Amino acid sequence: MLNLSLPIIFAVISLVMLSMQRKRQKMGRKIRNEIQTTLSASLEARAIYLYNCYTSISSKKIEHDKYLDVGCGYGVNSSIFGRDFKDVVCLDLSAKNLEECRRRISSKSNKILSLVRGDAQSLPFKRESFDLVSAFSLIEHVPDKREMLKELLRVLKEDGELVLQFPNKYFFMELHTGLPAYFLIPSFIKPWFLRKIGYEGLLEINIPTIREIKKLIEDLGVSGEIKKTKVIYPIETIPRGLRWIYTILKRLKVLNLVPLGWMVCIKKSKEQKGTA
Ligand SMILES: C[S@@+](CC[C@H](N)C(=O)[O-])C[C@H]1O[C@@H](n2cnc3c(N)ncnc32)[C@H](O)[C@@H]1O
């Protein structure tokens with residue numbers, strides 16, 4: 001009797017666990033889809049918002065000749081930031097994203113637009129080629145952040161500006177997936193936990209803190225002007241289901257203490273070239 005009931009109990013427990021996991025994955029997929037849909041529907045609003053953040057910390061004294069957007073994705077930010085530049089270069093690792101970038105912005109633009117497939121950690125450009133270099137939502141995806149920053153600063157002209165935007169590691173929610181309090185999960189159980197709930201893609205994302213970014217830049221010998229601002233996206237860029245809580249957090253000024261992300265602007269000065 002015992003011989004027969006044990007396998008049955010195991011089978012029932014496994015089935016229950018499997019169905020619970022499927023439900024969790026389904027819910028996760030729903031949240032992830034909602035985040036993705038809202039994000040792609042509001043790319044332009046996000047780009048305009050980011051541009052306003054940039055102008056609030058930029059020295060506004062740069063030449064408007066050549067602009068490079070690294071990790072350009074679909075190129076929506078590139079077209080907004082590149083509006084006043086003669087020459088716009090969009091670089092991405094993904095050929096598919098570059099194709100979408102070409103489709104979206106080349107028809108609107110009458111300036112020189114170059115699409116380059118390449119890696120942010122090893123840029124195919126001569127030193128001091130660009131007046132403005134940007135990387136939006138990229139650094140968290142790149143394994144060697146020091147090398148990426150070194151490259152971005154190498155191709156930046158003296159007196160040019162580098163603008164970086166990345167998520168806040170300590171925000172209440174992981175922004176790609178909607179996972180709450182993600183930063184509190186101890187690193188030793190993260191791989192197991194993320195695989196279990198079907199989010200193993202998150203293992204490739206490593207969000208730096210603002211302090212780490214500043215330290216990396218200073219270690220590269222660029223101790224000139226480093227300015228930062230909080231990124232608190234407009235409501236239309238937030239998935240509908242989360243807008244009510246976002247409004248409350250915004251009204252209570254909680255988002256000023258814990259913003260969704262950061263933007264950093266580095267002015268490469270003439271005197272302090274360092275290794276860059
Ligand atoms: C989250 S998307 C951000 C896209 C765009 N910058 C934006 O803010 O909408 C990250 C982009 O970086 C690209 N990417 C990831 N790793 C890269 C690398 N090492 N070098 C260049 N591009 C990279 C991806 O293909 C993707 O298009």
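The values are calculated or read from the model by the stated rules, or taken from the named source; none is laboratory data. No experiment lies behind these values; they were computed from the predicted model shown. Note that we place each Cβ from the backbone using ideal geometry, even for glycine, and neighbour counts take in every protein chain shown.
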For segment 236-262, which residues satisfy the criterion of being surrounded by 13 or more Cβ atoms within 10 Å (Cβ to Cβ) and within 16 Å of THR37 (Cα to Cα)?
GLU236, THR237, ILE238, PRO239, GLY241, LEU242, ARG243
What do you reckon, is GLY221 in contact (Cβ under 8 Å) with a residue 40 or more places away in the chain, surrounded by fewer than 15 Cβ atoms within 10 Å (Cβ to Cβ) and not in a loop (DSSP other than H, G, I, E, B)?
no
Which number in (1) at pLDDT 90 or above; (2) exposed (fewer than 15 other Cβ atoms within 10 Å of the Cβ) marks the one condition that LYS169 misses?
(2)
Could you tell me which numbered condition GLY82 fails, if it satisfies all but one of (1) in contact with a Phe, Trp or Tyr (Cβ under 6 Å, 6 or more places away or on another chain); (2) at positive phi?
(2)
Close pairs from segment 165-177: first over 24 Å from CYS72 (Cα atoms) and part of a loop (DSSP other than H, G, I, E, B), partner away from the ligand (no atom under 16 Å from the Cβ) and hydroxyl-bearing (Ser, Thr, Tyr), Cβ under 8 Å, at least 6 apart:
TYR170/THR209
Result of the Cβ filter at 7 Å on segment 60-88, keeping first residues that are closer than 15 Å to ASP159 by Cβ and partners that are within 11 Å of the ligand (Cβ to nearest atom) and among the aromatic types (Phe, Trp, Tyr), at least 6 apart or interchain, is TYR67/PHE81
Search segment 225-250 for residues that are touching a residue at least 12 places away in the same chain (Cβ under 8 Å) and outside any helix (DSSP H, G or I) and pair each with any residue that is of a type in the set (Asp, Glu) and surrounded by fewer than 17 Cβ atoms within 10 Å (Cβ to Cβ) when their beta-carbon atoms are under 6 Å apart and the residues are at least 6 apart or on different chains.
PRO239/GLU34
